[in-house]
1. With θ set to phi - 60°, apply the Karplus curve 6.51 cos²θ - 1.76 cosθ + 1.60 along the stretch 324-332 and write out the HN-Hα couplings as whole Hz, x wherever there is a Gly or Pro.
2. How large are Rg and Dmax for the stretch 122-163 when only the alpha carbon atoms are used, in Å?
3. Based on the Cβ-Cβ distance of Asp168 and Thr50, what FRET efficiency does E = 1/(1 + (r/R0)^6) give at R0 = 35 Å, to the nearest 0.05?
4. Using Cα pairs under 8 angstrom and six or more residues apart, how large is the relative contact order of the chain, in percent?
5. Classify the stretch 163-270 as rounded, prolate or oblate, taking a ≥ b ≥ c as the square roots of the eigenvalues of its Cα gyration tensor: rounded when a/c is under 1.5, otherwise prolate if a/b is larger than b/c and oblate if not.
6. How far, in nm, would the chain grow between Ala147 and Asp62 when pulled straight, counting 0.36 nm per residue and subtracting the alpha carbon separation?
7. Estimate the FRET efficiency between Ala41 and Glu105 by the formula 1/(1 + (r/R0)^6), using the beta-carbon distance for r and 35 Å for R0, to the nearest 0.05.
8. State which entries of Lys180/Lys294; Lys214/Lys294; Lys193/Lys294; Lys68/Lys214 exceed 30 angstrom in Cα-Cα distance in the structure shown.
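The values are calculated or read from the model by the stated rules, or taken from the named source; none is laboratory data. This one's a predicted model, so the numbers in the text were calculated from it and none came from an experiment. Positions of Cβ are generated from backbone atoms using ideal geometry, with glycine treated the same way; all protein chains shown enter the neighbour counts. Surface areas here come from the heavy atoms of the whole protein model, side chains and all, with no ligands, DNA or RNA. Shrake-Rupley method; radii C 1.70, N 1.55, O 1.52, S 1.80 Å.
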Amino acid sequence: MTLDTLPVLDFSRLKAGAEEAARFRDELRDAMHEVGFLYLAGHGIPQELTDSMLEVSRRFFDLPEEEKLAVENVRSPQFRGYTRVGGELTDGAIDWREQIDVGVEREAVPTGPGVADYWRLEGPNLWPGSLPEMRGIVSEWMERLSAVSLELLRALALSLGAPEDTFDAAFAARAFPVLKIVRYPGESNPEPKQGVGSHRDGGVLTLLLVEPGKGGLQVEYEGQWIDAPQVPGTFVVNIGEMLELATNGYLKATLHRVISPLRGTDRISIPFFYNPALDATMPQLAVSEEFQSKARGLSVDPTNSPILETYGDNALRYRIRAHPNVVEEHHSDLVG
């Protein structure tokens with residue numbers, strides 16, 4: 001089977017009657033089994049909010065360097081805040097991007113005997129003082145995308161013959177979504193340069209907003225890289241390793257990468273990662289035999305690291321691998 005572009009699904013079909021909702025769920029399941037990626041239209045996120053997210057993101061990256069460095073992630077034991085260009089690693093190589101990481105606003109958890117290491121990820125965000133409106137816009141964005149994500153998970157559960165509320169316990173009380181607001185400065189000239197190296201997302205579900213008219217995302221399919229440029233009015237949606245784990249590989253966490261834009265240009269990208277509570281273990285779906293017989297087992301991580309059952313263990317491992325500067329400053333006891 002050849003594939004030139006990602007499948008497109010309309011989320012509003014879930015509310016278009018029982019038959020249309022069932023067809024949507026079947027197409028969602030098939031896309032996530034065969035490709036692991038799709039474009040999601042009809043999601044109901046107001047265009048005004050989308051425009052505000054992109055606009056405040058631009059304004060953040062336009063701040064003077066000293067204002068961005070005032071919220072640099074090395075100041076955050078939770079790995080929140082700003083990462084300068086070249087400050088993150090993926091697939092063992094430097095990513096050519098700058099970004100700010102945002103999570104759920106909670107109190108930090110004191111470390112100590114009997115406290116799992118992954119609780120170090122829970123805590124407050126770092127916000128730029130000269131953009132007070134950023135916090136409200138980003139918080140509303142995360143709330144709305146969390147609602148869409150939970151509906152997608154419920155649809156996937158039903159499509160696989162499992163109870164609709166299969167995922168609710170892991171997400172309802174203390175879900176741990178993470179948002180990255182990313183700027184890729186142009187580095188390809190014209191030979192392609194790495195924006196982000198090839199990887200699979202370590203969480204459950206990702207919803208990606210890309211600046212209009214921009215490309216760079218590539219998805220691996222049967223040994224080939226497929227371009228996934230921005231499609232107006234859609235999110236790029238893909239599943240992560242924890243959802244692959246929950247279905248014994250029936251749903252596919254797919255390798256993807258980002259190519260740096262051409263020199264003289266740049267690209268804003270806003271991936272939202274919908275993840276369960278840090279102490280949650282992904283439920284094994286009671287997948288019907290029809291689908292279980294086609295499960296492929298788990299993908300091999302590019303670093304040969306096994307997928308861990310508890311989400312927080314996966315999340316912490318990724319952070320330690322990606323941000324050695326924060327580890328050196330706050331978590332040196334976890335290394336070695």
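1. Running phi through 6.51 cos²θ - 1.76 cosθ + 1.60 with θ = phi - 60° gives x, 5, 5, 4, 4, 6, 10, 9, 4 Hz.
2. 15.9, 50
3. On the way: r = 27 Å, r/R0 = 0.78.
Result of the calculation: an efficiency of 0.80.
4. On the way: 685 pairs, mean separation 72.0, N = 336.
Relative contact order of the chain: 21 percent.
5. prolate
6. On the way: separation 85, 0.36 × 85 = 30.60 nm, distance 3.05 nm.
Here the segment from Ala147 to Asp62 would lengthen by 27.6 nm.
7. Numbers: r = 30 Å, r/R0 = 0.87.
It comes out at approximately 0.70.
8. Details: Lys180/Lys294 34 Å; Lys214/Lys294 36 Å; Lys193/Lys294 37 Å; Lys68/Lys214 24 Å.
Where the Cα-Cα span goes over 30 Å, the pairs concerned are Lys180/Lys294; Lys214/Lys294; Lys193/Lys294.
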